[in-house]
Amino acid sequence: MPAILADWHAVPEAARGATVALGNFDGVHLGHAAVLRAAHAARPDLPLAALTFEPHPREHFRPEDPPFRLTLLPAKAQALGAQGVQIVFALPFDARLAAMPAEAFVDQVLHQAVGAKHLACGADFAFGHRRGGDVHLLATLAEARGIGLTVVPPVVDEGGPISSTRIRRALQDGYPDRAAAELGRDWEVRGEVFHGDKLGRELGWPTANILLGRHLEPARGVYAVRVALADGRVVPGVANVGRRPTLGGDPVTRLETHLFDFSGDLYGQEIGVRLVRYLRPDATFNGLEALKTAIAADAAEARRVLGV
């Protein structure tokens, strides 16, 4: 796990002088991986760092928007670490940082505070007050301070440029397999297991329940999943994203997961539910027996998909 540094006013000397990849890195997808590789390739003699913002600037400017995040900071840092990042600068995005002019951002943050030796970013990277700086200005400002810059073109597949926006759309449309192809791994929702009403247990299908929180809400319905447990095990299962319409409806969406061939107490533990395949949309059933029959069919299909 890389070091996470939030206070750019007090960067330890040991963390200065890295080659720094710039971006929001929501999802840490294949396009982000290309930027990280470019940063490392330009200066393989230096530590590799990623500079990002927390919260995501969109969360700061449009707090009324529905949650949209693909990765929250701990998961993002872990994914960055898997790409070789040693330091994550997670700058607090607040009114003060939002108001900072582009030149001040390069001078005060990247040059003086972080001491970046080289920068890498995507071609659409924008920074500074009202996103006033683009890669052309960044190149000029960086060169004046003796900082190198690599601008990385988008990674493109048959669907076009890979982006966090495109991955969000795939998940909302019920295609976690497409999202996984663009992420380079299955998309995962992490959360703490909470006590529900134990109805699943009564029906013979006990579930581990988590809330989506600030994560994007994918298409509601049933999924074949793999669940990463705190002890390192990964267990196959079947999950439902929804508000339980058969039971009268919930005010918030929950992710309920039945783990196959598993026994154990997960309450209070953080789990990661990885969506593998969308099986069917959310539905309302005529009573608990019909619901129970549907869950059994869903579980059988999830086992088939997962090969268990």
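The values are calculated or read from the model by the stated rules, or taken from the named source; none is laboratory data. Only a predicted model underlies this, so the values are computations on that prediction, with no experimental measurement involved. Here the Cβ is made from the backbone with ideal geometry for all residues, glycine too, and neighbour counts use every protein chain on show.
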Mind checking whether some residue in region 245-259 is at pLDDT 95 or above, polar (S, T, N, Q) and either closer than 27 Å to residue 72 by Cα or under 25 Å from the mean Cα position of the chain (by Cα) (or both)?
yes
Determine which member of the set 220, 169 is in contact with an Asp or Glu (Cβ under 9 Å, 6 or more places away or on another chain) and either under 30 Å from residue 43 (Cβ atoms) or surrounded by fewer than 21 Cβ atoms within 10 Å (Cβ to Cβ) (or both).
220
Is it true that residue 145 is among the charged types (D, E, K, R), modelled with pLDDT of 95 or more and either farther than 17 Å from residue 38 by Cβ or outside the structural domain of residue 60 (by TED's automatic domain parsing) (or both)?
yes
Residue check for residue 257: of a type in the set (Val, Ile, Thr) and more than 17 Å from residue 241 (Cβ to Cβ):
no
Residues of region 5-29 classified as within 27 Å of residue 166 (Cα to Cα), touching a helix residue (DSSP H, G or I) at 6+ places or on another chain (Cβ under 6 Å) and either not assigned by TED's automatic domain parsing to the domain that holds residue 134 or not acidic (Asp, Glu) (or both), total
5
Return a yes/no flag: does region 270-282 have any residue that is free of Cβ contacts under 8 Å to residues at least 60 places away in the same chain and either part of a helix (DSSP H, G or I) or closer than 17 Å to residue 174 by Cβ (or both).
yes
Do we find that residue 110 is surrounded by 18 or more Cβ atoms within 10 Å (Cβ to Cβ), in contact (Cβ under 8 Å) with a residue 24 or more places away in the chain, within 28 Å of residue 182 (Cα to Cα) and aliphatic (A, V, I, L, M) in this structure?
no
With in contact with a Pro (Cβ under 6 Å, 6 or more places away or on another chain) and crowded, with 19+ Cβ neighbours inside 10 Å as the only criterion, which of 18, 39, 49, 33 stands out?
18
Based on what the data block shows, is residue 225 under 21 Å from residue 171 (Cβ atoms) and in contact with a helix residue (DSSP H, G or I) (Cβ under 8 Å, 6 or more places away or on another chain)?
yes
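Need a quick list: strands (runs of 3 or more DSSP E) entirely within region 207-248 having at least 2 residues that are β-branched (Val, Ile, Thr) and in contact with a Lys or Arg (Cβ under 8 Å, 6 or more places away or on another chain).
221-228, 234-242
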Based on what the data block shows, is residue 94 among the acidic types (Asp, Glu) and touching a residue at least 24 places away in the same chain (Cβ under 8 Å)?
yes
Taking region 266-293 as the search range and keeping residues that are loosely packed, with under 14 Cβ neighbours inside 10 Å and β-branched (Val, Ile, Thr), which one is nearest to residue 306 (Cα to Cα)?
293
So residue 301, is it among the charged types (D, E, K, R), touching a strand residue (DSSP E or B) at 6+ places or on another chain (Cβ under 8 Å), more than 27 Å from residue 173 (Cβ to Cβ) and modelled with pLDDT of 95 or more:
no
Give the residues of region 113-124 that are surrounded by fewer than 20 Cβ atoms within 10 Å (Cβ to Cβ) and farther than 14 Å from residue 42 by Cβ, sorted by residue number.
113, 115, 123, 124
